[in-house]
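The next block holds one structure in the form of structure tokens; read it before the comments.
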Amino acid sequence: MLVIHPEQCIDCAVCVPACPAEAIIPDTDAQAGAWLPLNRDYSLRWPNIRLKKPPLADADTYKGMPDKLRQFFTPQAGSGT
Ligand code: SF4
């Protein structure tokens, strides 16, 4: 999981079609409301991503899985490995 600071995002929308998991929605989207505080808070806590990496081996297992935020979210930043 990664997060984007809503006020640092310039709303260019380039990332929306580029995300292979279709996991990014504009902050103006009606479904974005619950995600805004989480993105704002954790974008200030977690390290910045500076290098492109291949997807995690089990990424497709979780793609589209309902309720995965409640089931799996942890406030600890990932190791990036
Ligand atoms: S690519 Fe996405 S996160 Fe980055 S500025 Fe554009 S809309 Fe915001």
Practice prompt. Along Cα→Cβ, 7 Å out, is where each label goes; now give me the distance between the ones at residue 18 and residue 4 in nm to one decimal.
Written response: 0.9
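Per DSSP H run of n ≥ 4, the term is -39500 (n - 2.57); total these for the chain, divide by its residue number, and report the mean residue ellipticity at 222 nm rounded to 500 deg cm²/dmol.
Theoretical 222 nm ellipticity from helices: -6500 deg cm²/dmol.
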Fill in: Per-residue HN-Hα couplings for the stretch 12-29 [Karplus 6.51, -1.76, 1.60; θ = phi - 60°; Hz; x = Gly/Pro]
6, 6, 4, 6, 4, x, 7, 6, x, 8, 6, 9, 10, 10, x, 5, 8, 5
Worksheet item: How large is the dipole of the stretch 15-72 about the Cα centre if only Lys and Arg carry +1 and Asp and Glu carry -1, each at its Cβ, rounded to the nearest 20 debye?
Response: 300
Worksheet entry | Cubic angstrom per residue, convex hull over Cα atoms of the chain | 117
Discussion item. For the pair residue 25/residue 69, report the inter-label distance in nm, with labels modelled 7 Å from Cα in the Cβ direction.
Written reply: 0.9
Fill in: Low-density loop positions, trypsin sites (Lys or Arg not before Pro), the stretch 8-53 - DSSP coil, at most 14 other Cβ in 10 Å
50, 52
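Throughout, read-outs are computed from the coordinates displayed, never taken from laboratory work. Note that the coordinates shown come from a computational prediction; the quantities given were computed from them, not determined experimentally. Counting neighbours? That spans all protein chains shown, and the Cβs are built from the backbone with ideal geometry, glycine included.
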